[in-house]
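Data block below; observations after.
The values are calculated or read from the model by the stated rules, or taken from the named source; none is laboratory data. Remember, it's a predicted structure, so these values are computed and weren't measured experimentally. Reconstructed Cβ throughout: ideal geometry from the backbone, glycine too, with neighbour counts over all protein chains shown. Surface areas here come from the heavy atoms of the whole protein model, side chains and all, with no ligands, DNA or RNA. Shrake-Rupley method; radii C 1.70, N 1.55, O 1.52, S 1.80 Å.
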Amino acid sequence: MKKVLTALALLGLAASSAQAKSLTERNRAIVQDFARIFYAEKDVERAFLKHVVPDYIQHNPGISDGRQAAIDALKPMFSRPEAQFVVKRIIVDGDMAVIHLFGRGDPTTPGAAVADIYRLKGGKIVEHWDILQPMPAKSANPHPMF
């Protein structure tokens, strides 16, 4: 009986792990598509309409909550032909994702390293945080930002 219970417990763990993995894989595909449309194609409206819920929660203090508020705030900068956004890595774990990128809205500035953090639910982005680190003129160490 003990062996049967142990086997069932191991099967349960394996099934739980497979479910978590499939959630991560599903969300990775969503975030990769969002990143392609938003950062590479610079089509803010299409990216947000396709992948973000209307009542999107925004933690950036300069932008109001809501999908439309994000579109209105981001579209002017992201749509500029001279703006540059280069995704360096996408990390996804379950319902959380991080897009680490180089961003420069104005070509006269050195730009910044950015980490956009997203929470997904039901296949849509529901929440966002961001962290920006300006590119330095000089560094105390020889390590690149990316």
### Query
Mean residue ellipticity at 222 nm from the helices of the chain, using -39,500 (n - 2.57) per DSSP H segment of n ≥ 4 over the full residue count, to the nearest 500 deg cm²/dmol?
-12500 deg cm²/dmol
### Task
Can you pull the one-decimal nm distance between simple spin-label points at residue 106 and residue 63, each 7 Å off the Cα toward Cβ?
1.9 nm
#### Entry: Helix axis angle, 2-35 relative to the chain longest principal axis, alpha carbon, degrees
20 degrees
### Query
In terms of solvent-accessible area of protein heavy atoms at a 1.4 angstrom probe, what is the ranking of 120, 49, highest value first?
49, 120
### Query
Per residue, what volume in Å³ does the Cα convex hull of the range 29-72 take up?
71 Å³
### Query
Loop-only check: which GluC sites (Glu not before Pro) in the range 44-137 are DSSP coil with at most 15 other Cβ within 10 angstrom?
82
### Task
Please calculate how many Å² of accessible area the range 23-146 carries per residue, with a 1.4 Å probe and no DNA, RNA or ligand atoms counted.
55 Å²
### Task
Would you pull out the residues with amide H under 5 Å of residue 88's amide H, same chain only if 5 or more places away, H placed 1.01 Å from N?
100, 101, 102
### Largest-first principal axis extents, alpha carbons of the chain, Å
71, 42, 26
#### Entry: 0 to 90° range, to nearest 10: angle between helix 67-78 axis and the chain longest Cα axis
50 degrees
### Task
For the range 41-146, give the magnitude of the charge dipole about the Cα centre (Cβ charges: +1 Lys/Arg, -1 Asp/Glu; no others), in debye to the nearest 20.
240 debye
#### Entry: Residue-wise HN-Hα coupling along the range 44-55, computed from phi with Karplus coefficients 6.51, -1.76, 1.60 (Hz; x: Gly, Pro)
4, 4, 5, 4, 6, 5, 7, 10, 10, 6, x, 9
### Query
What part of the accessible area of the range 12-146, given as a whole %, is carbon or sulfur when the probe is 1.4 angstrom?
57 percent
